[in-house]
Amino acid sequence: MNRQVLILNITRMGDLVQMGTLLSRLQEEWPGVAVDVVIDRRFAAVASLLPGLRDIIAYDFHALIDDSRAAVKSATALYADLAAWARPLAERHYHRLINLTFNRSSALLASYIGASDIRGARCAWDGESVIENPWMAYFTDMHHFRALNRFNLVDVYALGGSGPGAHAPLSVRVTPEARDWAKRFLSATPDKPHEWIAVQAGASDAMKAWRPEHFGRTLAHLSARWNGGIVLIGTPAEQDTIAQVLGVYREAGGRNPVLNAAGHTTVEQLAGLLAECRLLLTNDTGPMHLAVGVQVPVVDLSVGHVDFRETGPYGAGHWVVQPELECAPCGFDQVCAHHSCKDRLPVTMVADVLLHVLAKGDCPIDAPGYRLYRSSVDEDGLGSYCAVGTAESSDLDWYSRYWRRYWYETLTHTASHIPADPTVPQNAAVSARHLAGMMPEIDRLCRQADAIVQAAAQATRSPGSLQALQREQTALREQAVQLGMAHIASSPATASFMRAIHHDHVRGLDRMARHHALAYRQWRRHLTEIHRHLTQRPSKAGARRVPMFTGSSAAHSG
């Protein structure tokens, strides 16, 4: 019997498309595997375009949330309805369940359906959520050190849901009907341009959207040196934004023919329309990932709280423009008072990037205020981004490269094909002193954790001594964590440690104590590794190193 895998992806359009590499990797791992996916009913049309799925199982989770808030039924009745719907899935006895929706409700659903191998959020014995699989845990950790993360969500999905393997680009099917519709739609203008570009000026979150007037002026600059057509895409709710773009475009002298497809396409037709275009200029949106899936180059304007390294266009041949600001990207919960990142991207430069992709001009020269990146695939077969025109030589860039290689080797137990960096950061001596200063406290915490393990085994005879040890340990840990999170050299390892400590939903004081002791030792090992790296003598450029992984990764699996 072929293997069966169930994926829970109850999120948005872009997240569905971004699991395309995972679908390919599962087929590489288990040829002939049958993969089903549970989605919100609103995105069934998107899922239908993804190759590699046996069954698309849709449920109106949006209505479930609304009914819960409005108290249409009791919580017990709502859960009973959902359980009745999910029961046939439990009866399929999946070999693996991959939960790509990181919330408590999906964890409950994952545990109810069940599988011998659950990856992602599930419910522990006490009803709390726990994250299984080190890569899924990394996804929850990386928001604490976003500036240092170098893994695209596409690769986190694939590595967590399956494992390392050959690079697989995102893929979205374009039906013949959709392509025919797109050709008819684009032929509606009397000018009959020989090529088109697509533009999405809106976004589901206004924080992620470049200003409409900047889009208008960019397209006007483009029209002075290119004679193709422009097709505007988006939802019906984005018509006001599109009207602003068109108004500024015309005032600035834009002369290319323009078609407005916003609100006039199905998802299938949108894929066909994008496939007929030379490129897509866009904010970080679901259609951006659709364009990647139909192999159309993307120029991504990464503003607001968007971090292109997490969710930017995946694979080779795309372009990203990001403002160069200390606060960029801002946090998800941050309220921005200035939005100045949206004015750091010069419209002439964005137009020059478009012309370069259209083979009508040179790549723009780097200038202060922004950074230009081109997407690629690195030596490990993962998506990456390379700065264009400027060398990534800051300490932040060095630590980002270090942690990228370190986590890959640690979590996959596989040597990275990326050559070890023979250099050290400018602040290496300061960082080494910081880490050396932390070590006595970490050693003390490890010894204390071992003492708690011994006390937990005798808790029935001496509960008071165990409680005293735990109180002292908590106070010491809070101080050490505060120190660890405050420094670029130690924050990723500290975030990983904190998540491991809090995901301690195991039965019994003795098992919990052992879980904590392991987490402390893992924390110490991670910090020791980077301290050794910072203090070692420089090696020859391009020298390969053995995998950095030297022990169990159980603390990462929750």
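Read the figures in this text as sums done on the coordinates, not as results from a lab. Only a predicted model underlies this, so the values are computations on that prediction, with no experimental measurement involved. For neighbour counting, all protein chains shown are included, and Cβ atoms are generated from backbone atoms with ideal geometry for every residue, glycine included.
Under 19 Å from the 7 Å Cα→Cβ point of residue 504, by amide nitrogen: which residues of region 410-450? Flagged as within label range: 441-450. Amide hydrogen proximity for residue 196: with H placed 1.01 Å from N in the peptide plane, the residues at 5 or more positions away or on another chain lying under 5 Å are 229, 278. Within the chain, which is the longest segment that contains none of the GluC sites (Glu not before Pro) sitting in a DSSP loop with at most 10 other Cβ atoms within 10 Å? Longest stretch, sites excluded: 92-325. May I ask you to derive the FRET efficiency for residue 239 and residue 45 from their Cβ-Cβ distance with R0 = 22 Å, giving the value to the nearest 0.05? About 0.55, to the nearest 0.05.
Quick check on the chain: helices-only [θ] at 222 nm, where DSSP H runs of length 4 and up contribute -39,500 (n - 2.57) each and the sum goes over total residues. Nearest 500, please. Don't skip to the answer; put the middle values down first.
Working: 20 runs with 250 residues, N = 558.
Here the helix-only value at 222 nm equals -14000 deg cm²/dmol.
Working note: Karplus 6.51/-1.76/1.60 with θ = phi - 60° gives region 92-100 the couplings 7, 6, 5, 6, 9, 10, 10, 9, 9 Hz, where Gly and Pro are set to x.
State, to one decimal in nm, how far the label point of residue 511 lies from the label point of residue 255, with both points 7 Å from Cα in the Cβ direction. Result for the modelled spin labels: 7.5 nm. Of the peptides 231-237, 148-154, the order by per-residue mean of other Cβ atoms within 10 Å, starting with the highest, comes out as 148-154, 231-237. Using a/c under 1.5 as the rounded threshold, could you call region 1-139 rounded, prolate or oblate? The axes a ≥ b ≥ c are square roots of the C-alpha gyration tensor eigenvalues, and prolate needs a/b larger than b/c, oblate otherwise. Cα axes put region 1-139 in the prolate bin. If you take all other residues with their beta carbon under 14 Å from the beta carbon of residue 122, and give Lys and Arg +1 and Asp and Glu -1, the sum is -1. The alpha carbon convex hull volume per residue for region 199-308 rounds to 90 Å³. For the chain, the residue among 292, 465, 140 whose Cα projects farthest onto the positive side of the dipole built from Cβ charges is 465. Could you tell me which helices of the chain pass both thresholds, a Cα extent of 24 Å or more along their own axis and a mean Kyte-Doolittle hydropathy of at least -1.0, with helices taken as whole DSSP H runs? Sorted by number, the helices that extend far enough and score high enough are 428-457, 463-485.
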